[in-house]
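What follows is one structure encoded as structure tokens, with my remarks underneath.
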Amino acid sequence: RLNYSFLAPQHVVFGWGRRTDLPKLAATIGRRAFLISGSRTLEHNGEIASLAASLETEGIEVLRFTAPPREPEVADVDAMTGELLR
């Protein structure tokens, strides 16, 4: 039997430049972030690394994963969670 807690805050932040608010907002809900990207463009131009670094400035442990460039399937999620348990 599987037991877990899931927090899905109903706080939506939208607008140009609001990405800079992410570290402070994320710090209010936890100390670890799963950063999952399927965009090769964002990886290559350094945006994902920049986002991870900004989270780390707030003391948030960032666990990065690269997903296939399509809608993730159950097997993809299983593989990513398997890496966490190692």
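The values are calculated or read from the model by the stated rules, or taken from the named source; none is laboratory data. Quick caveat, the model's predicted, so the values are computed rather than measured. Methodologically, a virtual Cβ is constructed for each residue, glycine included, from the backbone with ideal geometry; neighbour enumeration extends over all protein chains shown. What goes into the accessible areas is simple: the full protein's heavy atoms, side chains included, and nothing from ligands, DNA or RNA. Shrake-Rupley method; radii C 1.70, N 1.55, O 1.52, S 1.80 Å.
A few comments on the model shown:
- Selected from Gly46, Gly17, Gly59 as most flexible by GNM, with the chain as the system and alpha-carbon contacts under 10 Å: Gly17
- Magnitude of the charge dipole for the chain, about its Cα centre and with charges confined to Cβ atoms of Lys, Arg (+1) and Asp, Glu (-1), is about 200 debye.
- Expressed as a whole percent, the accessible area of the chain that falls on carbon and sulfur atoms is 56 (1.4 Å probe).
- Near the amide H of Leu35, within less than 5 Å, lie the amide hydrogens of Leu63, Arg64, Phe65, all on another chain or at least 5 residues away, with H placed in the peptide plane.
- Considering the chain, its Cα convex hull presents a mean projected area of 7.2 nm².
- Alpha carbon centroid spacing (whole Å) that separates region 50-77 from region 26-47: 4 Å
- Percentage relative contact order, the chain, counting C-alpha pairs under 8 Å, at least six apart: 30 percent
- Accessible surface, the chain, averaged per residue in Å² (probe 1.4 Å): 83 Å²
- Inter-label distance, Ile36 to Thr66: 1.7 nm, where each label sits 7 Å from its Cα along the C-beta direction.
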